[in-house]
Amino acid sequence: MVSREEIEHVAKLMRIEIDDPTIYEGVDKMIGYFDILDSAGVESEEISAREIELSNLREDKHIPFGEKLIEKLNHYKGTYVRAPKMV
Amino acid sequence: MTKIGLEIHSQLTELQSKLFCSCKANYREFQPNENICPICMGLPGSLPQLNQKAVEKATMIAMALNCSTPEKITFFRKNYFYPDLPKNFQITQLNIYGETSVGGPGILMVGDKKIRITRIQLEEDPGRIIYEGSSEKNQITLVDYNRAGTPLVEIVTEPDFENPKEVREFLNILSDLLANLGVSDPSLEGAMRADANVSIEDGNKVEIKNIGSFHDLEKAVHFEITRQQSLHARNIPIIQETRHWDDKRKITVSSRSKEEDLDYRYFLESDIPWVRIGNQIKDKLKSEMPETISSKKERYVSKYNIPAQVADVLSSDKFYSDLFEKSHTTENAKEVANIITTDLMGLVDTREKRESSKLTALHLKEIADSIQSGKITRNSAKNVLYEILKTGKAVSTVISDLDLDNVFSESELLKIIESVISEETQAVEQAKTNPQTINYLVGKVMQKTKGKADPTYTLDLLKKKIN
Amino acid sequence: MNLKISALQFTREVKTGNISVEDFIGKTMEHIEKVDGNLHAFLSLNDNAVNQARDIDKKIKSGDKIGQCFGMPISIKDNICIKDTKTTCASKMLENYIAPYDATVITKLKQQDAIFVGKVNLDEFAMGLSTEFSAYGPSKNPWNTDYVPGGSSGGSAVSVSAFECVASLGSDTGGSVRNPASFCSTVGYKPTYGLISRYGLISYANSIEQIGPLTRTVEDAAFMLNLIAGLDSNDNTTINNNNADYLKDIDSGIEGKKIGIIKEMIGEGINPTVLSATKNAISKLEELGAICEEVSLDMVKYSVAAYYAITTTEAGSNLARYDNLRYGYDFSVEGYAFNAYIEKARKKLGPEVTRRMILGGFVPSSGYAGKYFLKALKVKSKLTRQIDEAFKKFDLLISPTVPILPFKIGEKINDPASLFLIDINTVTANLTGKPAISIPYAISNGLPIGIQLIANSMNDKLLLQAARALEKTVKLPEVPI
């Protein structure tokens, strides 16, 4: 069981405003469902991951994008992006 | 006891491109948001393309700081919302699944003191925020993403420093080391930044952020120690917190964390597979690493007989030691080192002057050779350098333009000395009892020779004549 | 004009001059106009398609070099970027977002002279399996428009199944290509992880998802794979396939191949009709010389929980960038403080995305990461070990693609838990990175049933050969549109 406060805390962290009261139940149900992972008996399992060779990484070369990308995005005062107040 | 730890951020300024895209690593030359692409702007569907050289250079830094280097490195996402972060997460490194960041524990010696390095991680720099408006009320926040995605190496130390002086010494050594490795130019604005954490008497740790320069870092640490000591003296508890350095008031200020929930939800960045850095690669990187500062110094002393102090100054500055390497011969090495450390370093003491300088290694070699062959005096070197820095003209041209050659032969010089002795009888008499006065006579000789006489030689001759 | 031909037939007909591209594209656009008001496969159409077709006809006539698609009409799921066109992810958040670059698959198809007739519907940000979570309304199943087409690549499946295009590209995170393919009776193929570049695919759960084709035939899927697979410097997770030709030897058959029937995928909750269709398919394969045996992968029981723990975590991070500052919809920052603005801007995210965002904050958070996220990763590892073990004994694995028949629109939308059962057979291939395909196999009471085959990593060719063999045993009625 996950408390309302916990869900609200996480929602805030994710910059999500909850205005649909069914969210609480939906999230709680899902979290409850995740509990079956406890019985999978995987504690000793190693995490696997894909690998890449160093030599297959991108070569360090400057290639400009070639178009004025900022003109296709939101811009303000010339070529800045405007953000809300940080106070 | 005071304990200070550091988190140093150093941009890999010598790379051509950003950490995950082909935009330029040196963002400083662009108009706002002109050095961006779908990747560093985190546009939907874009993926990071890890820069091979960034991994190599970061590994070299780890090796130079005597850190362990893992077999495989991984990247993690650090999730938080901020306008300078186009994806609202930062790709960085962490050691939650074993040691997988570019560098593990290491050591850097500061004199006789051992500073332990906790780890080294490779990560992306965010963009830059510019605030306009005179008050909070009319604040306008502007963001320039040219810097976003610039390769950054974070070096974390253990809290091994006991005072601000040790911090400064460490940072000097570290920035020389990074410059010598050819990975970073610490003189570039914003290329090196650091946060500090400070605690006294095993008390709570206080982090200080937002420190603009190393100079301010020393001040901030000093302020913070004093602040904590005065609290401690009055039995006021020191709170574990993050404080910001207020550059204008030169104090640290508690950053009332509105971010009550700093949970970064780190997890693996699976768009970048684990990068294998095997022993073969490590050996290759090691062999490509430039000679260390201490090895250079040792070589300068033992091979060329350069005085230890001169060798120290010369070896720790990459710009000048590179110049030395290119201009010296076995014969003139000592002379070249001398010219660099006594004359050139004073003339070229800023980044701007370095960039505008027209002096080449060949110039330097020819000046040293001219001194050694007796074509010009040591004294004239500074004038020649000054002219060449501005004009880039050939050494021979400058020497004849300034009429610095035709150094007087011994017999010619003796004639002039004799004439000075006969003109300055009073001074000569004084000089016999007061050695200071003899310098006046040397000056007179230099005047008559238009500075072309060698002052040391003149002094010798004068002494012989008078006594 | 027969719009029902396969992709390969289309290229042959154009090559031989039997049809003109302009004609075919023109008729296709007319057909879309006619049926899509009801089916709602498309979110946007390419107004320039007929002109592009005309240009290709000209190139053909003048004997210029022509790409392998010969102007073939393809639809693209609206989470794949086509330069200078709207890419919405079926979200109001990206209502006006114009992609400034081409996805690698789009670049490749453009080089082969494909024509993109339009962008097709999906569940918002690909989160769902019915298209009911599209912010622009659900697509409808052409077999019965009261029913969902499956998802999240529902628009892709509908457009192929209703002859609004010859082939489509979707994306498959937990079955999002195979599920709608099964529900709409098309072929749906999820390749080995890394075989197709994801550059330009808008990430939902990047560690497990792949772009995949939806086509009328298995041969068409192989043909599409030939065009879009391979190493891409834009995507560090791509793998080198040495330019494999997946069409070559596609009729090799499956004689002597060993096929494992995954026990956990035909058990509890399976619809009896689906089960009997599956058994029927198995016996057909045996008739063709395959050796079929049951195999158990007990981690499958935990796969859906692991799948949701991983996908919500990754989605929470992948979708964090939608803060409306650099791009998005029209909403001024004036007067807002940062956090308040972002929260308000993100209200455009729909209910399912919102729910998953919160879960995505929860699962990897410092208090719960060990309990949920780490365990999910470990289940993923163990499941991979189990399936790798199975592939030591078997060449292929088989199951129904979805354990149930298509359901009615609105029937399950308010019951997320009941949807877990629907994912159970498809998520394993994503969690383990294995290639998997859904082949149309039966129609029961007018509703399609698909069969899923899974192969080992990089055995995509073998998988397509087996799928082709099974496909040849099937004769299905025509879609009633």
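Every read-out reported here was derived from the displayed coordinates using simple, explicitly stated rules and does not represent laboratory data. A quick note: this is a predicted structure, and the numbers were derived from the prediction, not measured. Glycine also receives a Cβ, built like all others from the backbone with ideal geometry; neighbour counts cover every protein chain displayed.
With R₀ set to 25 Å, the beta-carbon distance separating B:S396 from B:S356 gives a calculated FRET efficiency near 0.65. The overall shape of the stretch A:21-63 is oblate: from the C-alpha gyration tensor, with semi-axes ordered a ≥ b ≥ c, the ratio a/c is 1.5 or greater and a/b is no larger than b/c.
For the stretch B:261-294 versus the stretch C:292-359, the inter-centroid distance based on Cα atoms is 30 Å. Taking trypsin sites (Lys or Arg not before Pro) in DSSP loop states with no more than 16 other Cβ atoms inside 10 Å as exposed sites, chain A has its longest site-free stretch at A:1-49.
Only Cα pairs under 8 Å and 6+ residues apart enter the sum, and on that basis the relative contact order of chain B stands at 14 percent. Taking GluC sites (Glu not before Pro) as candidate sites, keep only those in a DSSP loop with at most 10 other Cβ atoms within 10 Å, then name the longest stretch of chain C containing none of them. Excluding the exposed sites themselves, the longest stretch runs over C:1-254. Projecting the Cα positions of B:Q447, C:N144, C:N456 onto the charge dipole of the protein assembly as shown (unit charges on Cβ atoms of Lys, Arg, Asp and Glu, taken about the Cα centre) puts B:Q447 furthest along the positive direction. For the pair B:R116 and B:N279, how long in nm is the line joining their label points, each one 7 Å along Cα→Cβ? With each label placed 7 Å out from Cα toward Cβ, I get 2.8 nm. The charge dipole of the protein assembly as shown, taken about its Cα centre with unit charges on the Cβ atoms of Lys, Arg (+1), Asp and Glu (-1) only, comes to about 960 debye. Checking every one of the GluC sites (Glu not before Pro) in the stretch B:314-359 against DSSP loop status and a limit of 13 other Cβ atoms within 10 Å picks out B:E331. Choose one of B:I140, B:T118, B:I129: the residue whose Cα lies farthest towards the positive end of the charge dipole of the stretch B:1-148 (beta-carbon charges +1 Lys, Arg; -1 Asp, Glu; about the Cα centre). Farthest towards the positive pole: B:T118. If you take the Cα centroid of the stretch C:18-57 and the Cα centroid of the stretch B:295-351, the two points sit 74 Å apart. For the stretch C:1-109, trypsin sites (Lys or Arg not before Pro) meeting the loop criterion (DSSP other than H, G, I, E, B) and having at most 13 other Cβ atoms within 10 Å: C:K4, C:K65.
First check a/c for the stretch C:1-121, with a ≥ b ≥ c the square roots of the eigenvalues of its C-alpha gyration tensor; if it is under 1.5, answer rounded, and if not, answer prolate when a/b is larger than b/c or oblate otherwise. Since a/c reaches 1.5 but b/c is at least a/b, the shape of the stretch C:1-121 is classed as oblate.
Averaging Cα coordinates gives a centre for the stretch C:60-122 and one for the stretch B:413-467; these two points are 90 Å apart. Counting charges near C:Y101 (Lys, Arg +1; Asp, Glu -1) among other residues having Cβ under 15 Å from its Cβ returns a value of +2. Calculated mean residue ellipticity, 222 nm, chain B: -11500 deg cm²/dmol, from DSSP H runs (n ≥ 4) at -39500 (n - 2.57) each, averaged per residue and rounded to 500. Across the stretch B:291-401, Cα pairs under 8 Å and at least six residues apart give a relative contact order of 21 percent. Ranking B:Q309, B:H363, B:T2 by Cα position along the charge dipole of the protein assembly as shown, where only Lys, Arg, Asp and Glu carry charges on their C-beta atoms, puts B:H363 farthest toward the positive end. With contributions of -39500 (n - 2.57) from each DSSP H run of at least four residues, the per-residue ellipticity at 222 nm computed over chain C stands at -11500 deg cm²/dmol. A Förster radius of 30 Å combined with the Cβ-Cβ distance from A:E17 to B:S134 puts the calculated FRET efficiency at roughly 0.45.
Of the chymotrypsin sites (Phe, Trp or Tyr not before Pro) in the stretch B:187-274, not one is in a loop by DSSP (not H, G, I, E or B) with at most 11 other beta carbons within 10 Å. Computed from label points 7 Å out along Cα-Cβ, the spacing between B:T329 and A:E51 is 5.3 nm. Short-range pairs are left out: with C-alpha atoms under 8 Å and at least six residues apart, the relative contact order of chain C is 17 percent.
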